[in-house]
Structures are given as C-alpha cells and as structure tokens.
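Visitor: Encoded as structure tokens, here's the structure I'll be asking about.
Bear in mind these aren't lab numbers, they're just calculated from the coordinates by the rules spelled out. This structure is a prediction, so every number in the text was calculated from the model and none was measured. Reconstructed Cβ throughout: ideal geometry from the backbone, glycine too, with neighbour counts over all protein chains shown.
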Amino acid sequence: MIKLFRNFEKKDIFIIILVVCLVVFSVYLDLKMPEYMSEVTKLVQTEDSTIRDILIAGGHMLVCAVSSLFCTIVVGYFTSLLSARFSRSIRRKVFKKVEDFGIAEIKKFSTSSLITRTTNDVTQIETLLAMGLQMMIKSPVMAVWALLKILGKSGELSLITGAGVVIIVITNLIIIKTVSPRFAKIQALTDKVNGVTRENITGIRVVHAFNAEKFEEKRFDKVNNDITGIHLTVTKTFAIMDPIMNFVMHFQHLGIYVVGAFLIAQSGMMDKITMFSNMVVFSSYGLQVIISFLMLTMIFMILPRAQVSAKRINEVLEEDASIVSGSFHGDTSEHGTVEFRNVSFKYPDADEYLLKNISFKVKQGDTIAFIGSTGSGKSTLINLVPRLYDATDGDVFVDGINVKEYDLKELNNKIGYIPQTAVMFTGTIYDNVSYGDNGRERPSLDKVKQAIKVAQGKNFVEKMEGTYQAHIARGGTNVSGGQKQRLSIARAIARDPEIYIFDDSFSALDYQTDATLRRELKKYTKNATSMIVAQRIGTIMNADMIVVLDKGECVGIGTHKELLNNCDVYREIALSQLSEEELQNA
C-alpha cells in the first residue's frame, strides 16, 4: 500500500497536509463542545447565573458546530478530488505499463486479470481514499484526544469507557483476521468472472452454433457462486459489528449514568454539581470514543480489500518487461535486410525448444516465405523480427543491426506487420488504415486510398456508406473476415515500411483475390522485403526463397522448383494441395 502511495504528486501531498490540518481542527472543535455543555450545565444549576451567560456558552457551542461542519465539507471536497486524481494517475500508469508488456507478460497476468487490475482494483484504492482518508485521520485522533480529556476526572467512569474500548478493539481484531484472507480470493475470483464473461462474449457465435448456452451458464454460475459465497461470508462477519457497537454504546451510556448517579448520591452538596457536570462530559466524550471506533470499523471493512488491490496493482507496475528497448537510432549501411544467425527459441516456461538453429538471410526487395505443418514454429519465427519475443539463442539482424540494439520505435518504423488475426479498432476505415505513428506524417487520404486499392479493398470500401469514412465497429464486427484482412494489409502498405511481415495474412482470401493482391503488392513493394507465412503453396511458390520448417527445424531452403526436387517435406505439402501436373507447370 505504501509503495503505491509513493505515486502521489507534490500537489497531492499539499492537499493531504491541508486535509490533516482541517481534520485535526475539526476534532478540536468537536471535543470543545462537551466543555461548553459542561459549562452550561453548571450555569443552569448556579443561582447567580444569568440567561446571558448561558446564551454566550451556547453560542460558543453553535460556533464550534458550524465551524466543524464547514471543515468536514471542505475535507470531503478535497478527499474526493484527491482520490479521483490519484486513481486517474494510477490507471494511466497501469495502462502505460501494460502497453510496454510483451506477449510473455500478458500471458503471465492474463487479459481478464489486467482488465480487473486497471478497473476494479483501482476503484478499491479510490474508495479507500475518498471514504477512508478522513476517517483514518479523524478516528484515532478523536479517540486518543477524547480519552486523554476524561482520564483522571473519575476513575470509575474512565474504567467503564475503557472497558467499552477494549471490547470493540478485540472484536475488530478478530473480524479483520477472519476476513482479510478472503479479500485476496475475492479479487482472484473477480478475474475469473471477467475471464469467463469475456470468453462467452467473444465466442458468442460458437456458443450459439453448438447450443452451448447451458454449458456456459454452468461455467459462469460456478465462479459466480464462488465469489458470492465469499462475499456473503465477509458481509455476515462484518454484520456482527453493528449489534456489538450498539450494545457497547448503550451499555456504556447506561453504566456512566448508573455509576454517576451513585457517585452523585455519595457526594457532598457542593460536589454534586461538579460530579453531575463530569457525568455529562463523560457521556459526550464516551460517545465520541465509540463513534471513533465505529469509523475505524468502517475503515477495516475497506482497508483489507484495498491492500489486496494495491498489491495486485504493484505487481503490474513492478513487473519488468522482458522486451527492453535498445538505443540505436539513425542510418544503417544496409536497407531491408533480415538475417537469422543460429537462432533457437523456447517459451519462458517451456522445457523444449520450439525453434532450433535457424539461419538465413534475405536481401532488400526479395520475398522469403515460410511453410510447414501446424505447430512447426512459422509464426513464432517471424515474430522474432519485430521483437514480440526475443530469441533464446542466436541473433536476429535487421539492416545489419541486432534487433535488440534498436530503439523499439525505430525498429517498428521499419516494419509493416500483418498478424494472423486481423485487428480492427473502433473508428472509420481511414482511421484504421492510417493507424499508428510511423515516424512520419500521418498518411493522407490519397495514400490510404492507394493502399486499399493495392490490398484489393477498393470495391467493397466504396460500396459502404461513407466510403473511406465508413464506420468500423469494435473488433471490425461489421465487415467480413476477408475484408478485415485486406484492411489490415492496407494498414501496413500505408506505412511504406522497409520490411513486410505477413503472418498467414492471405488465409481468408479466395484464390483469385489472393493472386491479384500478391501481384499488385509485388509491383508496389518491389523495393521492400517481404516475409510471408502461408499454408497455401500457391501463395508462396513465386517467392525468391522458401524456408521449410518441420518440428522447429529448417529442413529445406530454396526456390519452389529446388524444394520440389530436394525436400521431401515440401514436396509432400505441395502434393497435398496441387497435382503433379499443376506443380510442374507452376
């Protein structure tokens, strides 16, 4: 919790100091009122007192009450301002941190957990600051100050107040020890609820297609019932506090008045007024003490969950990104070249290597393709170029420079990346195609039109309402898979990169569109290097170099015709898609 609060800015520290001062002053005013009440009590029973004296003392009480109310309002405003600004700052830092994460860190935390940590966990901290800051300062100050004021005035009455305090403290400690471990479970189960809900929503078409609604409902009911059960346990445990607090409060009042009445009866005539006045003061201060511990109880209901949330947020903020940006900027002696030197790779938690001793070099303007069976490591291999992962062994070079030495933005500006699954963002077609910062000016509308034309998307885009300003729904749900794929390719084309990476980016296209797109793309990107992962032989047979992968190993490198003659794995894949005659005539 303390680590997280180190993120306060200097002006936030000033607000906290102001809040502390106002709260202490408010406590002083609240504790001053019983003294004036005692004075009024004495004046009422004193024969020579006047109405004017009573009104003056009552006026002082009124001034204290109004001033305390004003301080409370000001403190409420500043704590709300502070909590809102702090939560905004933490959300921004968590979001920015997650943006720097590589795929390994995203998998470590899971998407649903990162969403919870950015939203629900930050809300718990905001609630603690908004509701708890004032009470965390006020309750201990008021409790200690009120006890100091009544101690020594009457041993018997002090003993009654002390007994009430001991009962409340013991009860609070038992309850907090009981519920604290459950708050960590609640936040973990919140991650699960988000995860199940997210899977159900993103896969709703599959759920409907397989009539799996009941199955999904059972999955959700399980995690929902688990989190509900823990919430009920926590709520029932805290519910014990209310009757105990009421019991202590009422019996403390009763005890003070019973013991006070006995002491008054035993006192002399001159001491009766003083003893009665003390009894009134004890009753008021005792109430203040109970209220203080009542506020502490409310804090104890918020604090444990906030502590768990703070720990979860700190885990994200303190996580070191596995992909660390280098510092290289500037020109290179080579342009558009990609080289792998004895590259091997395994995932962080894996025991076996997925890629083993891969070496090749592709020159500017050439097209290199990768093919192999499912799980052979094709996508993983090309993901090493933009550093979505880093090679475990060996080195990857772009333009003659090790990719680990590049500033990440500089490296990304050289690459046009088209992932396996086309990603669309909420906005317009123009927004999606001109997306991102490539170190130059944002692509113009004419540039976007040209990119879409090359990607064979002109016909469907110009038929949409608004054409290039047509709306794209979140995730591109209002366009087909092939249309999303073409827009994704157009996005990379609009960047004019040195290197294109196509990660099975033609799979949703029909053969005619595929062939036409590749032909136009070859003309447009003749000076750029293309790296293509594909399942279709027809997509890659014209590549300058084809790398054949099998179980993470390179089993063949060459042109289409060379591999047909000397690579059994490639020939087997080719014959599974095309006839012998088609292959020979290709």
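Visitor: So, by mean Cβ neighbours within 10 angstrom, what's the order for 416-422, 541-547, 228-234 with the highest one leading?
Guide: Averaged packing, sorted descending, gives the order 541-547, 416-422, 228-234.
Visitor: Taking only the alpha-carbon atoms of the range 466-561, what semi-axes of the equivalent ellipsoid follow from 5 times the gyration tensor eigenvalues under a square root, in whole Å, largest first?
Guide: Each semi-axis is the square root of five times an eigenvalue, giving 27, 16, 13 Å.
Visitor: A further question follows. Quick one: what are the phi-derived ³J(HN,Hα) couplings along the range 299-313, Karplus 6.51/-1.76/1.60 with θ = phi - 60°, whole Hz, x for glycine and proline?
Guide: 5, 5, 6, 9, 4, x, 5, 5, 5, 4, 5, 4, 5, 5, 5
Visitor: In addition: Can you flag which of 96/453; 108/218; 93/311; 409/523; 404/523 are past 23 Å Cα-Cα?
Guide: 96/453; 108/218; 409/523; 404/523
Visitor: Right, here's the next one. Starting from the Cα-Cα distance between residue 473 and residue 244, subtract it from 0.36 nm times their residue separation and give me the gain in nm to one decimal.
Guide: Here the segment from residue 473 to residue 244 would lengthen by 77.0 nm.
Visitor: Non-local amide H neighbours of residue 367 (under 5 Å, H modeled in plane, Pro and chain starts lacking H): which ones?
Guide: 530, 544, 545
Visitor: Residue-wise, which Karplus ³J(HN,Hα) couplings in Hz belong to the range 61-74, taking 6.51 cos²θ - 1.76 cosθ + 1.60, θ = phi - 60°, and x for glycine or proline?
Guide: 4, 5, 4, 4, 5, 5, 5, 5, 4, 4, 4, 5, 5, 5
Visitor: May I pose another question? For the range 158-250, just say rounded, prolate or oblate: build the C-alpha gyration tensor, square-root its eigenvalues into a ≥ b ≥ c, call rounded for a/c under 1.5, and beyond that prolate if a/b exceeds b/c, oblate if not.
Guide: Working: a/c = 6.05, a/b = 4.06, b/c = 1.49.
Here the range 158-250 falls in the prolate category.
Visitor: Counting alpha carbon pairs within less than 8 Å and at least 6 residues apart, what relative contact order, in whole percent, applies to the chain?
Guide: 14 percent
Visitor: The range 161-234 to the range 362-384: how many Å between their Cα centroids?
Guide: Cα centres, the range 161-234 to the range 362-384: 44 Å.
Visitor: Going by amide H atoms built from the backbone, whose H comes under 5 Å of the H on residue 326, apart from near neighbours?
Guide: Amide H neighbours of residue 326: 406, 407, 408.
Visitor: Also: Taking all pairs of different Cα atoms in the chain, averaging 1/r and flipping that mean, what Kirkwood radius in angstroms comes out?
Guide: Computed over Cα pairs of the chain, the Kirkwood hydrodynamic radius comes out at 30.2 Å.
Visitor: Choose one of 208, 329, 58: the residue whose Cα lies farthest towards the positive end of the charge dipole of the chain (beta-carbon charges +1 Lys, Arg; -1 Asp, Glu; about the Cα centre).
Guide: My answer, from the dipole projection, is 58.
Visitor: Give the cross-link partners of residue 222 among the lysines, using a straight C-alpha distance below 23 Å as the criterion and excluding same-chain residues fewer than 8 apart.
Guide: 185, 192, 214, 236
Visitor: Grab the DSSP H runs of the chain that are 4 residues or longer, score each as -39,500 (n - 2.57), total them, divide by all residues and round the 222 nm result to the nearest 500 deg cm²/dmol.
Guide: Computed mean residue ellipticity for the chain: -21000 deg cm²/dmol.
Visitor: Quick check: Cα centre of the range 497-542 to Cα centre of the range 58-119, how many Å?
Guide: 49 Å
Visitor: Using θ = phi - 60° and the Karplus relation 6.51 cos²θ - 1.76 cosθ + 1.60, list the HN-Hα couplings for the range 76-90 in order, rounded to whole Hz, with x at every Gly or Pro.
Guide: Once θ is set to phi - 60°, the couplings for the range 76-90 become x, 5, 6, 5, 5, 4, 5, 5, 5, 5, 5, 5, 4, 5, 5 Hz.
Visitor: How big, on average over all directions, is the shadow cast by the Cα convex hull of the range 356-443, in nm²?
Guide: The directionally averaged projection comes out at 7.5 nm².
Visitor: Something else about it: In percent, how large is the relative contact order of the range 158-277, given Cα pairs closer than 8 Å and 6 or more residues apart?
Guide: Values: 47 pairs, mean separation 44.0, N = 120.
The value is 37 percent.
Visitor: Continuing with this model, one more query. Please list log₁₀ I(q)/I(0) at q = 0.24, 0.25 Å⁻¹ for the range 418-517, using the Debye equation with identical point scatterers on the alpha-carbon positions.
Guide: Debye output, listed in q order: -1.44, -1.56.
Visitor: Next up: Compute the Rg to Rh ratio over the range 2-317 from the alpha carbon atoms, using the Kirkwood formula for Rh, and round to two decimal places.
Guide: 1.13
Visitor: Between residue 556 and residues 5 or more places away or on another chain, which pairs have amide H atoms under 5 Å apart, with H built 1.01 Å from N, and which residues are they?
Guide: Hits under the 5 Å cutoff: 548.
Visitor: Placing +1 at every Lys and Arg Cβ and -1 at every Asp and Glu Cβ, with all other atoms neutral, what dipole size does the range 2-317 have around its Cα centre, in debye to the nearest 20?
Guide: 1520 debye
Visitor: Given Cα pairs under 8 Å that are at least 6 residues apart, what percent is the relative contact order of the range 2-317?
Guide: Computed value for the range 2-317: 31 percent relative contact order.
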